[in-house]
1. Could you say whether any residue in segment 64-71 is in contact with a Cys (Cβ under 6 Å, 6 or more places away or on another chain) and not in a helix (DSSP H, G or I)?
2. Sort out which residues of segment 1-15 are modelled with pLDDT of 60 or more, surrounded by 13 or more Cβ atoms within 10 Å (Cβ to Cβ) and assigned to a loop (DSSP other than H, G, I, E, B), and write them in order of number.
3. Taking Trp29 and the conditions (1) at pLDDT below 95; (2) closer than 18 Å to Val9 by Cβ; (3) touching a helix residue (DSSP H, G or I) at 6+ places or on another chain (Cβ under 8 Å), which numbered condition does it fall short on, given that it satisfies the others?
4. Among the residues of segment 68-77, is there at least one that is among the β-branched types (Val, Ile, Thr), closer than 20 Å to Lys104 by Cα and buried (at least 20 other Cβ atoms within 10 Å of the Cβ)?
5. Among the numbered conditions (1) at pLDDT 95 or above; (2) loosely packed, with under 14 Cβ neighbours inside 10 Å, tell me where Val88 comes up short.
6. Restricting to segment 105-126, name every residue that is in contact with a helix residue (DSSP H, G or I) (Cβ under 8 Å, 6 or more places away or on another chain) and crowded, with 18+ Cβ neighbours inside 10 Å.
7. I'm told Leu65 meets every condition in (1) at pLDDT 95 or above; (2) buried (at least 16 other Cβ atoms within 10 Å of the Cβ); (3) hydrophobic (A, V, I, L, M, F, W, C); (4) more than 13 Å from the chain's Cα centre (by Cα) except one. Can you identify the failing condition by its number?
Amino acid sequence: METPIRIPVLRTFARPQDQNPSGDIFGGWLLSQMDMAGGSAAAQRAKGRVVTVGIEAMKFHLPVLVGDEVSCYAKIVKTGTTSITVHVDTMVRRPFRGEIQEYKVTEGVFTYVAIGADRKKRAVDL
């Protein structure tokens, strides 16, 4: 069953140690936040452990800045026999700059596979 609306899954702040020499947040840091959010939504859907098997699409729209409040929203778009595909939108607010409006900074499509205790594929609980 696909998720009808996006679910807020993760919220954190971009910190100075997450930035590159230019002062923007590393894309890899943001990607890891998105993967954690998508994995959490997929694990809830699978009712158990999942692993990331692919990122089908990733778009960076705007830079993330130190101090930004980063929120990842997940929407399950497809459930297969063993796999779950999740679309993740990442938004930021800039409260330390006096801005309360949200901006979309990235979006991506992640695919996870449900696994059992033996770390082998298993069917997604329907």
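1. Among the residues of segment 64-71, not one is in contact with a Cys (Cβ under 6 Å, 6 or more places away or on another chain) and not in a helix (DSSP H, G or I), which makes the answer no.
2. Arg6, Ala14
3. For Trp29, the failing item is (1).
4. Start the filter on segment 68-77 by keeping residues that are among the β-branched types (Val, Ile, Thr), which leaves 70, 76-77.
Those still in the list that are closer than 20 Å to Lys104 by Cα too: 70, 76-77.
Remaining after also requiring buried (at least 20 other Cβ atoms within 10 Å of the Cβ): 70, 76.
Scanning segment 68-77, I find at least one residue that is among the β-branched types (Val, Ile, Thr), closer than 20 Å to Lys104 by Cα and buried (at least 20 other Cβ atoms within 10 Å of the Cβ), so the answer is yes.
5. Checking Val88 against (1) at pLDDT 95 or above; (2) loosely packed, with under 14 Cβ neighbours inside 10 Å, the one that fails is (2).
6. Residues satisfying the conditions are Val105, Thr106, Gly108, Phe110, Tyr112, Ala114, Val124.
7. (1)
So that you can scan it fast, the table gives a plain yes or no per residue for (1) farther than 29 Å from Arg94 by Cα; (2) touching a Lys or Arg at 6+ places or on another chain (Cβ under 8 Å); (3) not in a helix (DSSP H, G or I):
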| residue | (1), (2), (3) |
| --- | --- |
| Gly28 | no, no, no |
| Ser40 | no, no, no |
| Gln44 | yes, no, no |
| Gly48 | yes, yes, yes |
| Thr52 | yes, no, yes |
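The values are calculated or read from the model by the stated rules, or taken from the named source; none is laboratory data. Values in this document were obtained by computation on a predicted structure and should not be read as measured data. Cβ atoms come from the backbone with ideal geometry, glycine included; neighbour counts cover every protein chain shown.
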